[in-house]
Structures are given as C-alpha cells and as structure tokens.
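A.B. asks: Okay, here's the structure, questions in a sec.
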Amino acid sequence: MKIAVIGGGAAGLMAAATIVEADSEAEVFLIEKNEELGKKVIISGGGRCNLTTGFDDIKQILTKYPRGGKFLTKAMYAFPPKAVRNWFEAHGVTVKIEGDMRAFPVSDDGQDVVGVFEKSFKKGNVKVMINSAVEEIKKDKKGFSIKIKKRLKPLTVDKVILTTGGQAYRQTGSTGDGYTFAVELGHSITPLAPSLSAFHTKESWTADVAGLSFKKVELNIGKRTTVGPVMFTHKGVTGPAVFAMSSLIAFEELSTTNPILLTMDIFPDLKIDKLNAKLSLLLHNNPKKNLSSVLSLLVPKSLAMIVCDEVKIDFAKNAGQVSKKEVEVMVEWMKKTPLHIIARSAGEEFVTAGGVDLNEINPSTMESKKCPGLYLAGEILDIDGFTGGFNLQSAWATGRLAGTNLVLSHSTQS
Ligand SMILES: Cc1cc2nc3c(=O)[nH]c(=O)nc-3n(C[C@H](O)[C@H](O)[C@H](O)COP(=O)(O)OP(=O)(O)OC[C@H]3O[C@@H](n4cnc5c(N)ncnc54)[C@H](O)[C@@H]3O)c2cc1C
C-alpha cells in the first residue's frame, strides 16, 4: 500500500510514525514544502515545545477546546495526554510536567520532539520529501494523484492523509493550502478566524506598565470569563487568560470605532467588600502618606499611579483625606478595570479557528465521509484549543487515529 501524508507538522509526523509502526510493509511518502520537518513544533512553547498537558481527566480536557471538543472525544480516549507522554518517553524524550500542568521535554528543546520522528523514519519505510509543495490532489478510481511543484510526474498513491495545518504563523509553512485541496475533494470549510492572540486596547495607559504581569487575573466579556496570567504590553494585554478570551471571541469583529469592552479583575480571589475593607484599613493606618504610596502596598507603584489617573483622584493627596466614595471608585476600577479591545495582534495568533467541517469526517477513524481513502488530522480541521499543550495534543491524537485506521482499513480490505 502506498500512502501520502501531506504536511510534515505534528499531525503528519504522528500519522506517518503510526503507520510505519503498525505496518512495516506500508510505503509512506511524507510530503513537506519546507526545507525541514516540524517547523511549528520546533518553535512551539517559545522553543520549549509544550507538547501536551499534564492533566489526565479527559472530560475536563475536552472543555479546553472552544471548537471541536465533542468531535475529539474518540481520538482523545484513543491517544490521551498520558499515552502521548508515554509515547515520547518510550521514544527517548523524557517529559516533565510543570506547576501549571504544561508538559515539556526535559531538554526544553522542541527539536528533540521532531528528532524522535526523524529517527523513526530513517528506520522505517518512510520516504521524507522535503522542499516539496503539493499543488493539487486528484482522486480517481485507483487512488490519488498528487501534483508536486517542480516535479514533472504526479505521485500516485492509494490513500492520503491531509495534515497541512491551519493558516496561523504562515512563515512556518502553514498557509492554508489544505483548505483548497479539501474543497476540491468535496469538503466544506467553516468560517476561519485567528485565535490565541494578544489584544490591542483603546486605552494607551497599558504602555506605561508594559511588562507588568499578574499570575492570576479574571477577564470578562459579557458572560464569558477566563482566569490566568496576564501581562500588559505597549499596545494592550497578552498572556494565557487573554489568549483564552481571544479564543472565545474568535469570530467577533473588532475595530477602533466598535471596540469590545473587556473588564479585568486583578484581585479575583478577593470579594469587592473585602478589597474595600483592605484599602480602607491601609489608608486609615497611614494617614500622612500620600495616596499613591498607600495604593502601592496593594498593587505595583506604576499601576497605583494609573489607578489614580484613571479615576481622577490626586495621587499626592494625603491618605487620611481620601473619602469613602473615592475608595469605592478605586476598588471598583481595580475589580473591573475597563479595557476596550480594538484589534487582535495581527499575524501573531497561534492557531486558526475554523477549518474542514467536522460533520464531513468520521470521528472514530478521521476518514472523510466525502472522499473515501482520504483522512484528515490536525489543525486543518475545525478544532482549536486553549494554550497549555491542547493544540499539539489534538494534532497528535487525530494524527494517530488517522494512521491507525488507515492501516486497519487496508488489512481488512486485503
Ligand atoms: C508560535 C506558536 C507557538 C505554539 N505553541 C504551542 C504549544 O506550545 N503547545 C501547543 O499545544 N500548541 C502550540 N501551538 C499550536 C500548535 O503548534 C499547532 O496547533 C500544531 O502544530 C498544528 O499541527 P498540524 O500538524 O495540524 O499543522 P502544522 O504544524 O501547521 O503543520 C502543517 C505542515 O504542512 C505543511 N504544508 C502546508 N501546505 C503544504 C503543501 N501545499 N505542501 C506540502 N506541505 C504543506 C506546512 O509547511 C507544515 O509543516 C503554537 C503555535 C504557534 C504558531
């Protein structure tokens, strides 16, 4: 059996490795347009590659996918995070789980993760074709014919696994080519949008505290809430809680004329009356100090100045002269800091929301319902998760399920 895996990212690497491990007779062509495999895997997690999560409760894990969680159930039970970690360990990459439950190779080097596959392909029957951009995929009665740039003759194979990814971080090779191939093979693509991105805000004061971060902040947009680390930037806010919120509002329009109001609570574990009592006591105990110095006992000094500025209370005022009403106003601002989002950080999103319509894929096998013999896996599908290793986890899991079932379908046919 001849198989083409198109796209040498996380899903394609896992699909190809699964096939050669399950069927030593299979002839696999791993076709990648870049000059190397796994470019995005290597830069993921800031180069450290947050390859999966340390959480093991699958029901809880599936809630981390704003789109595609239900569809992922079969793939996730078949190849859960624990199995992924064990798989890498068995292939020579020791995995550690950090305090926030993100899993990384102990070496903190994404190259080691890709290295596992490169080694496995040297041993198995995988022909790695780098610098090979697929331009067209055609299906006929015999199988598939794949046109590759600068090659005169198309490659003919029995089955195809399409793993060309989304269109985020296009410099890594994921330029959305697979959507066109999928449409030509009978699929529909749901609306696409950037997800896991930083926000730009109308408020310019964030520039004055750029680099300042909090480990636990609650963000709210209407009824949507996310909790986690946040950092201020020159243009707005970033960090895991912001990324998660960007995922929840991936399809909402943002503009300077029509911004979305986000409120931020930097004291999520302190009820408003408790924070009020705390600030009142600090002011009462330090009547001769100025307001900004007393506020600095609660928040970093740079932010204390901004609180005063934003609520228009003189920061130089003596603490003893601050009124009850003024305390209320400051507390309200800190518990519900208003930030008007005007844009997403362009071109820097981590994933694409939307993709090949999941109704057209069999979730137990990853085979297309529109085009038998075609399997799809990874970010090309309408699946995306929060940060924390969930996107690579879904790429490994769907890639593995596609590879396993492709081999199974062949053995039942022959
Ligand atoms: C900066 C950054 C950091 C990230 N960090 C993390 C993280 O730490 N943890 C996590 O879980 N997720 C992370 N993600 C998301 C995660 O990396 C992706 O969701 C995941 O890699 C998707 O895997 P994939 O195999 O579906 O697609 P990709 O990794 O995008 O692979 C697709 C491959 O197909 C190739 N290709 C495309 N078109 C063609 C064509 N026409 N012919 C041949 N080849 C083609 C591309 O060159 C590419 O190599 C990060 C993303 C980014 C951008």
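A short reminder: the numbers here are calculations on the coordinates, not readings from a lab. Not measured: the values here are computed from a predicted model. All Cβ positions, glycine included, derive from the backbone under ideal geometry; neighbour counts span all protein chains shown.
A.B. asks: Evaluate the charge dipole of the chain about its Cα centre and quote only its size in Debye, nearest 20, assuming +1 on the Cβ of each Lys and Arg and -1 on the Cβ of each Asp and Glu.
C.D. replies: Details: 51 positive and 44 negative charges, 30 e Å.
That gives a dipole near 140 debye.
A.B. asks: Please compare each pair in Lys39/Lys64; Lys40/Lys335; Lys33/Lys153; Lys64/Lys216 to a cut-off of 28 Å on the Cα-Cα distance and tell me which ones are over it. It would help to have the intermediate numbers written out before the result.
C.D. replies: Details: Lys39/Lys64 24 Å; Lys40/Lys335 38 Å; Lys33/Lys153 17 Å; Lys64/Lys216 18 Å.
Going by Cα-Cα distance, Lys40/Lys335 fall outside the 28 Å limit.
A.B. asks: Going through the range 252-336, which trypsin sites (Lys or Arg not before Pro) have at most 11 other Cβ atoms within 10 Å and a DSSP loop state? Spell out each step's value before the answer.
C.D. replies: Values: sites: Lys271, Lys274, Lys278, Lys288, Lys289, Lys301, Lys312, Lys317, Lys324, Lys325, Lys335, Lys336; in loops: Lys271, Lys288, Lys289, Lys312, Lys317, Lys336.
Here the trypsin sites (Lys or Arg not before Pro) that fit, given the DSSP loop and packing criteria, are Lys271, Lys288, Lys312.
A.B. asks: Shifting gears a bit: Please determine, in degrees from 0 to 90 and to the nearest 10, the orientation of helix 301-311 with respect to the longest principal axis defined by the Cα atoms of the chain, where the helix direction is its Cα long axis.
C.D. replies: Orientation of helix 301-311: about 70 degrees from the principal axis.
A.B. asks: Once amide H atoms are placed 1.01 Å from N in the peptide plane, what residues at a sequence separation of 5 or more from Cys49, or on another chain, have their amide H within under 5 Å of its amide H?
C.D. replies: Ser44, Gly110
A.B. asks: Starting from a Cα-only point model with no solvent, please compute log10 I(q)/I(0) by Debye for the range 88-184 at q = 0.13, 0.16, 0.18, 0.21 1/Å.
C.D. replies: So the normalised log intensities are -0.68, -0.91, -1.03, -1.16.
A.B. asks: Taking θ as phi - 60°, what are the ³J(HN,Hα) couplings along the range 228-244 by the Karplus curve (6.51, -1.76, 1.60), each to the nearest whole Hz, with x for Gly and Pro?
C.D. replies: x, x, 9, 10, 7, 10, 4, 10, x, 9, 9, x, x, 5, 5, 4, 4
A.B. asks: Expected output is a single nm value to one decimal: the length gained when fully extending between Asp208 and Leu152, i.e. 0.36 nm times separation in residues minus the C-alpha distance. What is it?
C.D. replies: On the way: separation 56, 0.36 × 56 = 20.16 nm, distance 5.77 nm.
Here the segment from Asp208 to Leu152 would lengthen by 14.4 nm.
A.B. asks: Where Rh is the Kirkwood radius over the Cα pairs of the chain, the temperature 10 °C and the viscosity 1.306 mPa s, what D in µm²/s does Stokes-Einstein return?
C.D. replies: Details: Rh = 23.2 Å.
Rounded to a whole number, D works out at 69 µm²/s.
A.B. asks: Report relative contact order for the chain in percent, whole number only (criteria: Cα-Cα under 8 Å, sequence separation at least 6).
C.D. replies: Normalised by residue count, the contact order of the chain is 24 percent.
A.B. asks: For the range 204-341, what Kirkwood radius comes out of the mean inverse Cα-Cα distance, in Å?
C.D. replies: Numbers: mean 1/r = 0.0639 Å⁻¹.
After inverting the pairwise mean of 1/r, the radius is 15.6 Å.
A.B. asks: When you count, for each residue, the other Cβ atoms within 10 Å and take the mean per peptide, how do 193-199, 68-74, 37-43 rank with the highest first? Could you put the intermediate results ahead of the total?
C.D. replies: Details: 193-199: 23.4, 68-74: 18.4, 37-43: 21.3.
Averaged packing, sorted descending, gives the order 193-199, 37-43, 68-74.
A.B. asks: OK, next. Rounded to whole Hz and in sequence order, give me ³J(HN,Hα) for the range 324-332 from the Karplus expression 6.51 cos²θ - 1.76 cosθ + 1.60, θ = phi - 60°, writing x for Gly and Pro.
C.D. replies: 4, 4, 5, 4, 4, 5, 5, 5, 4
A.B. asks: Same structure again: Would you mind pulling out the separation of the Cα centroids of the range 173-194 and the range 238-252, in Å?
C.D. replies: 23
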